[in-house]
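Participant: Input: one structure, supplied below.
The values are calculated or read from the model by the stated rules, or taken from the named source; none is laboratory data. What you see is a predicted model; the values in this text were computed from it and never measured. So basically every Cβ, Gly included, is an ideal-geometry build from the backbone, and we count neighbours across all protein chains shown.
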Amino acid sequence: MLEYRMPSLGADMESGFLREWHVKPGDKIKKGDIIAEVETQKGIIDIEVFDDGTIGELLVQVDEKVPVGTLMAMIIPPGEDGEIKETPQKSAAPATTPTAAEEAWIATEPPPMAEKAAAAEHHVRASPLAKRIAEEKGIDIATIHGTGPEGAIIREDVEHAITARVAPVPEAPKEAAPAPPPASPPAPVAAEKPAPPAQAPAAPAEEEKARQATGASAETIRMAVAAAMSKSNREIPHYYLETRIDMRRAMAWLAETNKQRPVKERLLPAVLLLKAVAKALNEVPDLNAWWENGLQRKPAINIGYVVALRTGGIMVPAIHDADNKSLDELMQTLNDLIPRARALRLRSSELADSTITVTSLGEGGVETVFGVIYPPQVALVGFGGITDQPWTENGMLDVRPVLTATLAADHRATDGSTGSRFLTAIKNYLQQPEKL
Amino acid sequence: MATSLITYRECLKQAIREALQGDERVFLMGEDVGHYGGAFAVSKGLLQEFGPERIMDTPLSEAGFTGAGIGAALGGMRPIVEIMTINFSLLALDQIANNAATLLHMSGGQLNVPLVIRMSAGIGRQLAAQHSHSWEPLFAHLPGLRVLSVGTHEDARYMLAPALLDPDPVIIFEYTSMLNLEQELQPVEGGVDISKAKIRREGKDISIITYGTGVYKALEAAAELAAAGIEAEVVDLRVLRPLDDETILASVTKTSRAIIVEDASRSVSVSSEVSARITENCFYDLDAPVQRLCGAEVPIPYPKHLEDAAVPQPAQIVSAIKKLLQHA
């Protein structure tokens, strides 16, 4: 039997609410199948399974709060025999009747102590005001330490918890940048033309609707961003490098290529940048890594791409295996990911698998981005806008489209020379766009 | 004159004198209010000034002279009936509860009773169990009455005039223990508002809700708490019936915490009522359970130290609040 545990969908995630099972005991599954929907601060996330096999048993009830790492299901590997335990409750149906819930308890046979602890959690001693504020701010009151009469949680405790989570909001443009105003053009990619084809990012009203549907509010997303960024600035000693890249060849190649394509299939400069980053990571693999008890290089290059939400906050979906995707495939991936990120409908692997982050603030007119690393990653690449600037080459002055690329990297994991090699590699790849 | 000190007793006397001067229909009657000058010397000298028809000594019959006061009020006068101390008020309670409080209703709105009844209440100076009652809750329970509590010199001086303007019966509690207390007094044009509680001190951390003898004690406690960094708001209920919910709830909503202080014993008291209204109306603004400091549930003892121990004192208010705010 294989154990399926609640995955972490980001360093900032402690738990989620199981909202729906897509499978029932006896169902055949294969790696990558979506088996459940879990509600997190970032909306409802489709949870994928990591193994092939047959669902043996479901151990978590719909609408239960599930801490990261909780055993959720037992999976029988292919070719093995295993007992399939029917969960009395129909999958995807909330536990509404007491009988169903009771039977479920019997079926899963939780140790008495665990049951007691779970029950105790529902009786948090807190003042009505503290509870109200915690609810308004989307904070789980059970996680707060009480200092009031008889250990009760009081307003002050909740306010401390809020401060702890929201505190030092990083000043890096990535986080400080307000979401583009509703009237502004779509935000997904670095430069301006051509307009993103076939892509209909959710309008703010729809985004809001999505949030209401998924239970994620602008505030909970803000909290999630705040928690991750606070952790980053608290724990990661950042170093920053910057380089200016002549984009004349890349832009000319892009214009020529797009000329021959129907509007729907045109490419944005962002895909060139993403591809260049992916290829550069192949050369400098130390930056495609997580810092978890030391540097853990990651075999796959999954680039997290920052998507600003119209009403504030960001989502960072992963572009899987970016180095193995063609420019067209990258473009298709962006067209798929960005609207889903805005609608808060991402898959768990898209939220959890990123090995590096790319943020691109060019369309807002910013030239340089100094980012904050998304833990446990060790690097973040920032692209500003592509603007015409004076450029010297061979002692001659010219005007070129110039892009400023920056790297924020974890100094525990790598040193400046590594970062320098990486940025230089990006620069070189962008000089040969036809080879990307 | 505004800066000179004045006793609570003198404030009461000035209020009565002003009422007698301002309205011919006003007269004072009660036991020993004339020749003796009042059991607590509040009306001393008024007989000489206004004559026996307006400062009227009565026989020792609370039912009789309270009933006479009701009759006079019905007849167009504006009587001030003094009941020497609150313990004797029980003898007049039939007149108060069954006549004064109900006549407007029983007459279909035809007969209102513009009567003011003053009485001394609370612990005095070792007057023992029969003369030390805090029965404000008893009267605050009765529909048809307006019940006022004189917790400050300002109210002692300026509460009588609006009470006499009220077309319906008003009970005013004065406090024996405060008679000799000296304070500065600022003039209040047109009398105080007897429909509203009064914030005596602003604060953000906790509302001390009190009345009568509790007001100065609460202010003393608040001053001490301020030195410890706690900003207590002091709410003087002033009108015990009908309670001024608006002021009470606004204060508690602001501070999120409340402690109610009164001399009356805890069970079925003004504090019970205020506490209930707070939880009914601003439960989700509360950051701590509503606290109460009340009189002990005993007949008030004679010995001074036991008498003091029978009702809340400033030190207890301070320690209760510090405990609540975890600064102790």
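Participant: Step by step: first the residues of region A:352-376, then only those that are in contact with a strand residue (DSSP E or B) (Cβ under 6 Å, 6 or more places away or on another chain) and among the polar types (S, T, N, Q), then the one that is nearest to residue A:43 (Cα to Cα). Which residue is that?
Facilitator: Within region A:352-376, the match that is nearest to residue A:43 (Cα to Cα) is A:354.
Participant: Between a residue in region A:124-144 that is within 13 Å of chain B (Cβ to nearest Cβ) and any residue that is surrounded by fewer than 19 Cβ atoms within 10 Å (Cβ to Cβ) and modelled with pLDDT of 90 or more, which pairs come within a Cβ distance under 7 Å, given they are 6 or more apart or on different chains?
Facilitator: Cβ pairs passing all conditions: A:128/B:283; A:128/B:284; A:129/B:284; A:132/B:284.
Participant: For residue B:61, are the conditions met, namely being of a type in the set (Gly, Ala, Ser) and exposed (fewer than 15 other Cβ atoms within 10 Å of the Cβ)? Walk me through how you get there before you give the answer.
Facilitator: Values: of a type in the set (Gly, Ala, Ser): yes; exposed (fewer than 15 other Cβ atoms within 10 Å of the Cβ): yes.
In short, yes.
Participant: Now a separate question. Within the bounds of region A:68-82, is there any residue that is among the small types (Gly, Ala, Ser) and touching a helix residue (DSSP H, G or I) at 6+ places or on another chain (Cβ under 6 Å)?
Facilitator: No, because not a single residue in region A:68-82 is among the small types (Gly, Ala, Ser) and touching a helix residue (DSSP H, G or I) at 6+ places or on another chain (Cβ under 6 Å).
Participant: Here is a follow-up. Pick from region A:11-35 the residues that are at pLDDT below 80 and surrounded by fewer than 21 Cβ atoms within 10 Å (Cβ to Cβ): which of them is nearest to residue A:84 (Cα to Cα)? Steps first, answer last, please.
Facilitator: Of all residues in region A:11-35, those at pLDDT below 80 come to A:11-14.
Now drop any that are not surrounded by fewer than 21 Cβ atoms within 10 Å (Cβ to Cβ), which leaves A:11, A:14.
Values: A:11: 33, A:14: 30 Å.
Among those that are at pLDDT below 80 and surrounded by fewer than 21 Cβ atoms within 10 Å (Cβ to Cβ), it is A:14.
Participant: Right, next: Looking at B:63, B:15, which one is within 25 Å of residue B:192 (Cα to Cα) and either in contact with a Leu (Cβ under 9 Å, 6 or more places away or on another chain) or touching a residue at least 40 places away in the same chain (Cβ under 8 Å) (or both)?
Facilitator: One residue alone meets the criteria, B:15.
Participant: Next question, about the same structure. Specify which of the listed residues (B:287, B:263) is of a type in the set (D, E, K, R), surrounded by 16 or more Cβ atoms within 10 Å (Cβ to Cβ) and closer than 29 Å to residue B:158 by Cα.
Facilitator: B:263
Participant: Does region B:18-40 include one or more residues that are modelled with pLDDT of 95 or more, more than 20 Å from the chain's Cα centre (by Cα), closer than 24 Å to residue B:134 by Cα and surrounded by fewer than 16 Cβ atoms within 10 Å (Cβ to Cβ)?
Facilitator: The answer is no; no qualifying residue exists.
Participant: Something else: What is the number of the single condition among (1) in contact with a strand residue (DSSP E or B) (Cβ under 6 Å, 6 or more places away or on another chain); (2) in contact (Cβ under 8 Å) with a residue 40 or more places away in the chain; (3) not small (Gly, Ala, Ser) that residue B:187 does not meet?
Facilitator: That leaves (1) as the condition not met.
Participant: Here is a check on your reading of the model: is residue A:38 buried (at least 19 other Cβ atoms within 10 Å of the Cβ) and assigned to a loop (DSSP other than H, G, I, E, B)?
Facilitator: On the way: buried (at least 19 other Cβ atoms within 10 Å of the Cβ): yes; assigned to a loop (DSSP other than H, G, I, E, B): no.
Here the answer is no, as residue A:38 does not meet what is asked.
Participant: List every residue pair whose Cβ atoms sit under 8 Å apart, with the two residues 6 or more apart in sequence or on different chains, where the first one lies in region B:69-84 and is over 16 Å from residue B:24 (Cα atoms) and the second, anywhere, is in a helix (DSSP H, G or I).
Facilitator: Listed by first residue and then by second, the contacts come to B:70/B:95; B:70/B:99; B:70/B:100; B:70/B:103; B:83/B:62; B:83/B:66; B:83/B:89; B:83/B:92.
Participant: Only one of these is in the same structural domain as residue B:166 (by TED's automatic domain parsing), closer than 29 Å to residue B:181 by Cα and part of a helix (DSSP H, G or I): B:91, B:12, B:28. Name it.
Facilitator: From the options B:91, B:12, B:28, the qualifying one is B:12.
Participant: Regarding region A:281-289, can at least one residue be identified that is in contact with a Phe, Trp or Tyr (Cβ under 9 Å, 6 or more places away or on another chain) and either of a type in the set (Lys, Arg) or under 25 Å from residue A:46 (Cβ atoms) (or both)?
Facilitator: no
Participant: Scan region A:145-156 for residues that are more than 10 Å from chain B (Cβ to nearest Cβ) and either outside any helix (DSSP H, G or I) or modelled with pLDDT of 85 or more (or both) and jot them down.
Facilitator: Across region A:145-156, the qualifying residues are A:145, A:146.
Participant: Filter region A:249-276 down to residues that are surrounded by fewer than 17 Cβ atoms within 10 Å (Cβ to Cβ) and basic (Lys, Arg) and give me whichever is nearest to residue A:370 (Cα to Cα).
Facilitator: It comes out as A:249.
Participant: Just give me the residues in region A:322-343 being surrounded by fewer than 22 Cβ atoms within 10 Å (Cβ to Cβ) and farther than 21 Å from residue A:265 by Cβ, in sequence order.
Facilitator: Answer for region A:322-343, where residues must be surrounded by fewer than 22 Cβ atoms within 10 Å (Cβ to Cβ) and farther than 21 Å from residue A:265 by Cβ: A:323, A:343.
Participant: What is the residue count in region B:135-153 for residues that are outside any loop (DSSP other than H, G, I, E, B), hydrophobic (A, V, I, L, M, F, W, C) and in contact with an Asp or Glu (Cβ under 9 Å, 6 or more places away or on another chain)?
Facilitator: Matching residues across region B:135-153 total 3.
Participant: Based on this model, can you work out whether residue B:176 counts as β-branched (Val, Ile, Thr) and in contact (Cβ under 8 Å) with a residue 60 or more places away in the chain?
Facilitator: Numbers: β-branched (Val, Ile, Thr): yes; in contact (Cβ under 8 Å) with a residue 60 or more places away in the chain: yes.
Taking the combined requirement at face value, the residue satisfies it.
Participant: With (1) closer than 22 Å to residue A:291 by Cα; (2) assigned to a helix (DSSP H, G or I); (3) in contact with a Leu (Cβ under 7 Å, 6 or more places away or on another chain); (4) not aromatic (Phe, Trp, Tyr) as the list, and residue A:359 as the residue in question, which single condition is left unmet?
Facilitator: (2)
Participant: Show me the helices (runs of 4 or more DSSP H) found entirely inside region B:208-304 where at least 2 residues are free of Cβ contacts under 8 Å to residues at least 12 places away in the same chain, within 14 Å of chain A (Cβ to nearest Cβ) and closer than 20 Å to residue A:129 by Cβ.
Facilitator: B:270-282
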